[in-house]
Amino acid sequence: MVHEAVPVRQPIAESWRRSRDAGVDAGVAAAPLVFDRDVLADARAAHPLERHLPMLEALLRQVADETEHLMVITDETGNALWTQGPPAVSRAADAIGLTEGFRWAEDAVGTNGIGTALATGRPEYVYAAEHVAHVLHGWSCAGAPVTDPDSGRIVGCIDVSATVDTLHPATVALVAAAARLAESRLENEMLARDERLRERLLPHLRGLRGAGALVTPTGRIIAGERLRGRRVPVPEPGGTVVLPDGRTAVAEPLGEAFLLRLPGLVGRVDTGARAGRDAAAPPAGDAPLLTLTLLGAGQPHAHLDGRRFDLTLRHAEILALLALHPRGLSGDRLALYLYGDDGSPATVRPEIHRLRQQFGGIVRARPYRLGCAVEADFLTVRRLLDGGDAAAAARLYGGELLPLSDAPGVRAERDELAVRVRRQVVDRGGAEALWTYVQTEPGRADLEALERLRAVLPPGDPRLAAVSSRRARLLGGEP
């Protein structure tokens with residue numbers, strides 16, 4: 001009797017090809033360990049699904065058989081962060097590394113429900129001998145990727161695994177539903193952030209009379225006539241962005257967002273004309289916006305309604321201090337913060353006069369203050385740290401606040417901010433936040449941050465070589 005060969009499903013055939021190209025050995029005994037206990041705790045705390053774990057556990061418990069099934073949640077590279085299942089299944093899973101801290105990407109163990117779903121970007125079901133690794137032929141698994149609605153990137157995978165004779169193929173619908181629910185939760189969080197940004201920044205957009213847009217650092221337009229809901233390339237501060245309707249706009253940084261201005265509106269405010277309006281507030285809809293870029297070793301500068309002004313160190317110090325004290329500072333207090341005990345109001349007045357020549361009536365007196373809306377990169381980092389968003393704070397923190405400044409008030413803020421950023425990033429920032437941080441000047445020589453990053457980066461990550469090399473140099477040895 002002749003038996004016809006069972007055709008291999010196309011997703012499995014494609015996965016086998018990827019596994020072969022990655023050099024996966026069918027005789028691999030288990031998934032590789034990538035996270036020790038301490039690093040695992042940090043990776044969990046930094047992951048966006050951590051807040052939604054109770055919901056996912058409750059959903060899967062309602063449908064999956066609690067006596068037979070193992071639930072696994074991974075990060076975007078297939079590293080298992082959470083698992084839950086009955087003792088017998090968990091013991092069997094431990095033997096093959098299907099537990100917290102082990103890597104289930106296709107290039108680590110070949111075709112499997114987690115790695116294959118992450119590779120294809122869609123829910124996948126892998127049954128018995130469809131696995132590349134022989135040790136997995138006694139298992140079946142269904143996995144579904146979770147996509148971040150803000151960035152559009154996959155951030156993890158939800159998987160249900162069991163032995164061959166207990167996992168029904170319909171389980172793929174279950175994990176797909178769980179993934180969609182997780183994405184809806186992430187979307188709700190995103191929409192709440194968007195609403196907070198609009199509340200704070202819409203007055204600046206209204207000043208453009210509809211000829212502009214607010215856009216997130218991920219390129220999502222969250223406000224703007226006929227453009228809301230569309231995407232643009234991720235903006236660079238001061239760079240140009242092509243809008244979906246073909247027009248070109250200039251990206252003005254507003255901390256957690258960008259204001260996109262059409263070129264004809266850049267520099268539209270006559271700052272000199274404002275000089276005579278010291279005591280009066282700007283008319284509604286025409287309020288000036290001052291944005292300060294003072295982090296890092298680059299040229300400190302400001303934007304006033306789209307027009308860039310390079311700042312001297314002293315002027316940058318004054319603007320930073322006034323931004324920190326929105327109610328204003330007396331001449332004595334400002335002099336103390338700038339010069340220490342040797343300062344006096346007489347030394348401050350000439351600098352304030354020069355600032356008023358540059359920026360007009362937005363620099364007010366009695367007390368010294370800024371009579372306009374202010375967005376500053378260092379203030380936004382503080383706000384993100386207050387909210388516990390270490391990853392976003394690391395992205396915006398390009399380095400220390402005015403690193404060349406000796407002004408006592410600036411030094412105090414610089415030191416406090418540097419300590420807070422480092423501590424949150426190292427403690428619970430995750431791989432991306434750590435990588436961003438070690439590109440900054442204070443992070444380049446931070447051995448603890450490099451050690452942590454080296455531990456959380458998955459095997460084969462191209463950044464590992466750079467991290468190991470820099471770590472070796474700091475330790476005085478060879479890479």
Looking only at the range 287-294, decide whether some residue is modelled with pLDDT under 65, small (Gly, Ala, Ser), touching a Pro at 6+ places or on another chain (Cβ under 8 Å) and more than 29 Å from Glu187 (Cα to Cα).
yes
Apart from one, (1) in a helix (DSSP H, G or I); (2) closer than 19 Å to Leu294 by Cβ; (3) open to solvent by less than 60 Å² (accessible area, probe 1.4 Å) all hold for Phe309; the odd one out is (1)
Going through the range 257-286 one residue at a time, which ones are open to solvent by less than 50 Å² (accessible area, probe 1.4 Å) and at pLDDT 50 or above?
Ala257, Phe258, Leu259, Leu260, Arg261, Leu262, Asp286
Just one of Arg349, Arg382, Arg369 is open to solvent by 40 Å² or more (accessible area, probe 1.4 Å), farther than 25 Å from Gly298 by Cβ and under 34 Å from the mean Cα position of the chain (by Cα); which is it?
Arg369
In the range 163-182, anything surrounded by 19 or more Cβ atoms within 10 Å (Cβ to Cβ), within 36 Å of the chain's Cα centre (by Cα) and either polar (S, T, N, Q) or outside any helix (DSSP H, G or I) (or both) is listed as Thr171
Which number in (1) touching a helix residue (DSSP H, G or I) at 6+ places or on another chain (Cβ under 9 Å); (2) modelled with pLDDT of 95 or more marks the one condition that Arg44 misses?
(2)
Which one of Ala390, Ala418, Ala394 is among the small types (Gly, Ala, Ser) and either at pLDDT 90 or above or in contact with a Cys (Cβ under 9 Å, 6 or more places away or on another chain) (or both)?
Ala418
Being surrounded by fewer than 21 Cβ atoms within 10 Å (Cβ to Cβ), out of contact with any His (no Cβ under 6 Å at 6 or more places or on another chain) and touching a residue at least 40 places away in the same chain (Cβ under 8 Å) narrows it down to one of Ala105, Ala117, Ala88, Ala95, so name that one.
Ala95
Quick check on this structure: which one of Glu57, Glu130, Glu50 is open to solvent by 20 Å² or more (accessible area, probe 1.4 Å) and in contact (Cβ under 8 Å) with a residue 60 or more places away in the chain?
Glu130
Considering only residues that are more than 37 Å from the chain's Cα centre (by Cα) and not acidic (Asp, Glu), look in the range 312-332 and name the one that is surrounded by the fewest Cβ atoms within 10 Å (Cβ to Cβ).
Ser330
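The values are calculated or read from the model by the stated rules, or taken from the named source; none is laboratory data. All values reported here derive from a predicted model rather than from experimental measurement. Using ideal geometry, Cβ is built from the backbone for each residue, glycine included, and neighbour counts are taken over all protein chains shown. All accessible areas refer to the heavy atoms of the entire protein, side chains included, with ligands and DNA or RNA removed. Shrake-Rupley method; radii C 1.70, N 1.55, O 1.52, S 1.80 Å.
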